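Have a look at the structure below, then the notes.
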Amino acid sequence: MSQTDGRAGTSDAAPAPGRVVVGVDGSPHSLRALDRAAGEAARRGAELLVLCGGLPPRRTAVPETDTDRERIRRAAQEVADEAAERARGRAPGLRVAAAGVREPAAEALVRAGRDAELTVVGTRGHGGFRGLLLGSVSLRLAAHATGPLMVVHGQLPRSDSPPAGEVVVGLKAAGSTQPVDFALRSARLSGSAVRVLHSWSHPAFPGIARKRPRKEPSEEARQAERFLAETLAPLRERVPEVTVHAEQREGPAAEHLIELSDGADQVVLGVRRESRRLGLQVGPVVQSVLQHARCSVVLVPVS
């Protein structure tokens, strides 16, 4: 099934309940994201929407014609159709729709992902600059997506095997448990365990060096343990079949999460978009993990 309108998510047929959206452009990174998205949609019993955005040529003295616009859209549709066939072969029985649109990929994916269970993209596409670990589409989506966003890193398991490794999730505050909820649901579908990490730091006082920590736990460590136990207790009850490991660590959260990403299936982070001079941006922990994680990273909006 294909969608042929010029904008994402505007097919005549009503969308099926539950949908995973993936952005493709034919690059190896996007095809890896496609394979992961097909697996995620199959586990969820959801429809997969394969989306390819086409950009008009750079502004020149020659005006863009309707023929040019239609040629761009058709080229995008061909890429989406080929990717959809690959997804059907990877997950037989999966409901797949393909949409080629004549608009920037990031804008199309933000729009299509508003009512999706998950939006999936690769780290870079054909338009990425050498030396950048993340492409412009991934970065823009990280700042603007209103639903869960997965940025696919690393190699994927075989199509007939479940994801390997734990689901790692960062927990910052008691009122921001949406990432833990997402991690637990994902782990229940894949059969993985969940590792919840809470990082903390000693207060910094200028000019005063902190003494070396004693062997026994500090008061800050004990408080972190209590925080984890109290916050996770009701969440564990919702999905008792999922094994949950909780740990607290002193030091920068990004460093610990990147370390735990080695061998993990995915790292799940909460994200609050911050409005700055250059527009909406994500915080430094999210940026660092997105750039350096050794597995896929999922960003879950928190209020």
- Message: Please list 3J(HN,Hα) in residue order for region 264-269, calculated via the Karplus relation 6.51 cos²θ - 1.76 cosθ + 1.60 where θ = phi - 60°; whole Hz, with x for glycine and proline.
- Response: 7, 7, 7, 10, 10, 10
- Counting only residues 5 or more places away or on other chains, whose amide H sits under 5 Å from the amide H of G270 once H atoms are built in the peptide plane? G170, V300
- Message: Highest mean first, how do 88-100, 64-76 rank when packing is the count of other Cβ atoms within 10 Å averaged over residues?
- Response: 88-100, 64-76
- With each label point set 7 Å from Cα along the Cα-Cβ vector, what nm distance links E78 and R114? 3.2 nm
- Message: Can you compute 3J(HN,Hα) from phi for each residue in region 171-183, using the Karplus curve 6.51 cos²θ - 1.76 cosθ + 1.60 with θ = phi - 60°, rounded to whole Hz and x for Gly and Pro?
- Response: 10, 9, 9, 5, x, 10, 9, 4, x, 5, 4, 4, 4
- Distant-in-sequence amide H partners of V21 (H built 1.01 Å from N, under 5 Å): L49, L118, T119, V120
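Values in this text are rule-based calculations from the coordinates and carry no lab data. Owing to the predicted nature of the structure, the values given are computational and were not obtained by experimental measurement. In this analysis, Cβ positions are derived from the backbone assuming ideal geometry, glycine residues included, and neighbour counts consider all displayed protein chains.
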